[in-house]
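Participant: Supplied in structure tokens, the structure appears directly below.
The values are calculated or read from the model by the stated rules, or taken from the named source; none is laboratory data. No experiment lies behind these values; they were computed from the predicted model shown. In this analysis, Cβ positions are derived from the backbone assuming ideal geometry, glycine residues included, and neighbour counts consider all displayed protein chains. Protein only, heavy atoms only, side chains kept; ligands, DNA and RNA dropped before computing areas. Shrake-Rupley method; radii C 1.70, N 1.55, O 1.52, S 1.80 Å.
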Amino acid sequence: MSAPNRIAATAVLAMGLASVSALAETPFYEGKTIEVLINYSAGGPTDVEARLIARYLGKHIPGNPTIIARNRAGAGGMIGMNYMADVAKPDGLTVAIFSPPVFTEVLGDAGLDTRFKDFVWLSSLAVPQICYVRRDTPPGIEDPADLLQAETFNASGIRPTSTHDIRMRLSLDVLGVDYNYVTGYKGLAGASAAVLQNEAQYSCGSIASYRSSVVPSMVEIGIALPLFYYAVVDAEGNDVLDPSLPDIPTFRDYYRSVHGEDPSGEVYEVFEAVNNLKTSLQRGSFVPLGTPEEAVDALRQAWKALETDEEFLGAYEEAFQAKPVIAHGEETMALIESLDDIDADLVSFLSDYIAAGSDN
């Protein structure tokens, strides 16, 4: 090869290598749009929290993609789950930020046509849930302990197999109070609206629901009273006290205060098992199986970056008066895999328990 030809060939090779290098350095999400799906309706606690997270998540994803949030609500969160399984493509452009219907899966609800382990999980949030009651519930609730003397009241739920309803019923049964279980409301917003309108007198909600809806519309003006919260637990099973709820006891502490002893018995053990898992998976983010590893890595790193994003943390605390408790990647995947290890007797108990509640 002549000298001029060698020079030309070298130049072409250099240009080719430069092009390959440029392609390798181009972020996966550059020039792309991510659709964040939310499995509850607009304006509800899942929606409010998911949209806040999505707003800040995007700035930590290399390539600065456009973020669009959309709701796929219905059937206690199952419509969104089924959409992610049946419709969403594994291209990294559809990301779920859901309230996972944990025990809907565990109990084999026929409406759910997928399994949680059929997704790649990015992160999860541990969130306590606060229970509250109308003060005018006969003969009147002036103090949280008065719940035990209340006449029969309505407790509002979402769906018999939803963890919200299961925990609510189990905790009330452990306490030994007299109540009617009324379900079918549209999300936590619908359940709390039922209490506001006095169709029901009792319900529960996540911090997002409680702070954004229950406090301003009921607690601050004296309609409702917070009773206790379902706490996140540590590795030894101890309640982790939430610093944002200093004046509200955990369910375990509330039980001790009104009964003078620790809660115990089969129903309480089932409540603990349900609560400990769901509290750790109150929110979860995932993508379909087969999503490119580059996309998964970018999304997981973005979730991790939120923990040190002062702007995000400030906005979250302003909205919910609480700090986010985030678990990542492998830790969340371990929680998902633990669903396969739930004791068969527990599942059988819950199946019978739900059926009995649905018949009432």
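Participant: Can you give me the number of residues within segment 57-78 that are hydrophobic (A, V, I, L, M, F, W, C), out of contact with any helix residue (DSSP H, G or I) (no Cβ under 6 Å at 6 or more places or on another chain) and touching a residue at least 40 places away in the same chain (Cβ under 8 Å)?
Facilitator: So the answer is 2.
Participant: Among the numbered conditions (1) more than 22 Å from the chain's Cα centre (by Cα); (2) open to solvent by less than 50 Å² (accessible area, probe 1.4 Å); (3) at pLDDT 90 or above; (4) not basic (Lys, Arg), tell me where Gly357 comes up short.
Facilitator: Failed condition: (3).
Participant: Let me ask another. Hey, could you check segment 177-189 for residues that are out of contact with any helix residue (DSSP H, G or I) (no Cβ under 7 Å at 6 or more places or on another chain) and closer than 16 Å to Thr163 by Cα and say which is least open to solvent (accessible area, probe 1.4 Å)?
Facilitator: Per the stated criteria, the residue is Gly187.
Participant: Restricting attention to segment 79-93, does a residue exist that is surrounded by fewer than 19 Cβ atoms within 10 Å (Cβ to Cβ), part of a helix (DSSP H, G or I), in contact (Cβ under 8 Å) with a residue 60 or more places away in the chain and not small (Gly, Ala, Ser)?
Facilitator: No, there is no match, as no residue in segment 79-93 is surrounded by fewer than 19 Cβ atoms within 10 Å (Cβ to Cβ), part of a helix (DSSP H, G or I), in contact (Cβ under 8 Å) with a residue 60 or more places away in the chain and not small (Gly, Ala, Ser).
Participant: Follow-up question, since we're still on this one. Would you confirm whether or not segment 191-209 contains a residue that is farther than 26 Å from Ala319 by Cβ, loosely packed, with under 15 Cβ neighbours inside 10 Å and without any contact (Cβ under 8 Å) to a residue 40 or more places away in the chain?
Facilitator: No: segment 191-209 contains no residue that is farther than 26 Å from Ala319 by Cβ, loosely packed, with under 15 Cβ neighbours inside 10 Å and without any contact (Cβ under 8 Å) to a residue 40 or more places away in the chain.
Participant: So in segment 126-136, with the set limited to residues that are surrounded by 23 or more Cβ atoms within 10 Å (Cβ to Cβ) and not in a strand (DSSP E or B), which one is modelled with the lowest pLDDT?
Facilitator: Applying the filter and picking the extreme gives Val127.
Participant: Within segment 205-223, is even one residue modelled with pLDDT of 95 or more and among the small types (Gly, Ala, Ser)?
Facilitator: Looking for residues that are modelled with pLDDT of 95 or more and among the small types (Gly, Ala, Ser), one finds at least one in segment 205-223, hence yes.
Participant: Taking the conditions exactly as written (under 25 Å from Glu272 (Cα atoms), modelled with pLDDT under 90 and open to solvent by 30 Å² or more (accessible area, probe 1.4 Å)), does Ala231 satisfy them or not?
Facilitator: no
Participant: When segment 173-190 is examined, which residues are found to be of a type in the set (A, V, I, L, M, F, W, C), touching a strand residue (DSSP E or B) at 6+ places or on another chain (Cβ under 7 Å) and modelled with pLDDT of 95 or more?
Facilitator: Val182
Participant: A further question on this structure: So, in segment 307-354, of the ones that are in a helix (DSSP H, G or I) and β-branched (Val, Ile, Thr), which residue ends up surrounded by the fewest Cβ atoms within 10 Å (Cβ to Cβ)?
Facilitator: Once the filter is applied, the top-ranked residue is Val347.
Participant: Let me ask something additional. Looking for something surrounded by 15 or more Cβ atoms within 10 Å (Cβ to Cβ) and over 30 Å from Thr66 (Cβ atoms) - is there at least one such residue anywhere in segment 110-125?
Facilitator: Within segment 110-125, one or more residues are surrounded by 15 or more Cβ atoms within 10 Å (Cβ to Cβ) and over 30 Å from Thr66 (Cβ atoms).
Participant: Look through segment 139-164, keep the residues that are open to solvent by 60 Å² or more (accessible area, probe 1.4 Å) and more than 17 Å from the chain's Cα centre (by Cα), and return whichever of them is nearest to Ala327 (Cα to Cα).
Facilitator: Looking at the filtered set, the residue picked out is Asp143.
Participant: Follow-up. Which one of these does Thr104 not meet: (1) of a type in the set (Val, Ile, Thr); (2) at pLDDT 95 or above; (3) within 18 Å of Tyr83 (Cβ to Cβ); (4) open to solvent by less than 10 Å² (accessible area, probe 1.4 Å)?
Facilitator: (2)
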